[in-house]
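Peer 1: First the structure, then my questions, so here it is.
The values are calculated or read from the model by the stated rules, or taken from the named source; none is laboratory data. This structure is a prediction, so every number in the text was calculated from the model and none was measured. Positions of Cβ are backbone-derived with ideal geometry, glycine not excepted, and every protein chain shown enters the neighbour counts.
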Amino acid sequence: MRAANPTVKGIPMTDATHIKGQCLCGAVTVEATLTGTGLTACHCDMCRRHTSSFFVGLSPVQSSLKIDGPAKSFRSSDWAERGFCSTCGSTLWYGTVHDGARYLAAGLFDDAAGGTVAVEYFVDKCPQGYGISGDHKRLTEAETIAFFTGGGEAGT
Ligand SMILES: [Zn+2]
Ligand SMILES: [Zn+2]
């Protein structure tokens, strides 16, 4: 079964799933259909500061994305924005400015929407005190940048 699944840049895809989640205080609710590419984890400096660890994101079908409540966005760089709940401060998404795409924080969903980490970005920036276990792609800063400048569909 697994071998027959299509892949996106070598990351296995599973069946699409519709998921619902919320921030810590419950004021912001999110709904989306997953693309099935699994979870991404990013250790870059911005993700570390925004989340206090690493940003674990999932990739929704962008047209299916529904965000209700007092969500706000912070422009973190020329190319990226970060969503958060203006009431409780929960991290909501990582977004790319050029296409308006938003990658939801997996922690908004029970059991991280059942996802498994498929790829880890900026792995050489991961603090030495913790790490992510499992057998998945691990890209250094240089490899992460090459991955996205080579025509990737997500961003970090
Ligand atoms: Zn909230
Ligand atoms: Zn990052």
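Peer 1: When residues of region 96-122 are filtered for being on the phi < 0 side of the Ramachandran plot, crowded, with 21+ Cβ neighbours inside 10 Å and touching a residue at least 60 places away in the same chain (Cβ under 8 Å), how many remain?
Peer 2: Within region 96-122, the subset on the phi < 0 side of the Ramachandran plot is 96-99, 101-110, 115-121.
Subsequent filtering for residues that are crowded, with 21+ Cβ neighbours inside 10 Å retains 102-106, 108, 115, 118-121.
Imposing the further condition that a residue be touching a residue at least 60 places away in the same chain (Cβ under 8 Å) reduces the set to 103-104, 106, 108, 115, 118-121.
The number of residues fulfilling the criteria is 9.
Peer 1: As an exercise: evaluate Trp93 against (1) hydrophobic (A, V, I, L, M, F, W, C); (2) crowded, with 19+ Cβ neighbours inside 10 Å; (3) within 14 Å of Gln22 (Cα to Cα); (4) away from ligand 1 (no atom under 14 Å from the Cβ) and give the number of the one condition it does not meet.
Peer 2: Every condition holds for Trp93 apart from (4).
Peer 1: How many of the residues making up region 37-83 are in contact (Cβ under 8 Å) with a residue 12 or more places away in the chain, within 16 Å of ligand 2 (Cβ to nearest atom) and of a type in the set (Lys, Arg)?
Peer 2: The qualifying residues number 3.
Here's the yes/no breakdown for (1) surrounded by 16 or more Cβ atoms within 10 Å (Cβ to Cβ); (2) among the basic types (Lys, Arg); (3) on the phi > 0 side of the Ramachandran plot:
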| site | (1), (2), (3) |
| --- | --- |
| Leu24 | no, no, no |
| Leu34 | yes, no, no |
| Leu39 | yes, no, no |
| Met46 | yes, no, no |
| Arg49 | no, yes, no |
| Ser52 | no, no, yes |
| Val56 | yes, no, no |
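Peer 1: Residue by residue through region 30-57, note down the ones that are modelled with pLDDT of 95 or more, aliphatic (A, V, I, L, M) and within 12 Å of the chain's Cα centre (by Cα).
Peer 2: Matches in region 30-57: Leu39, Ala41, Val56.
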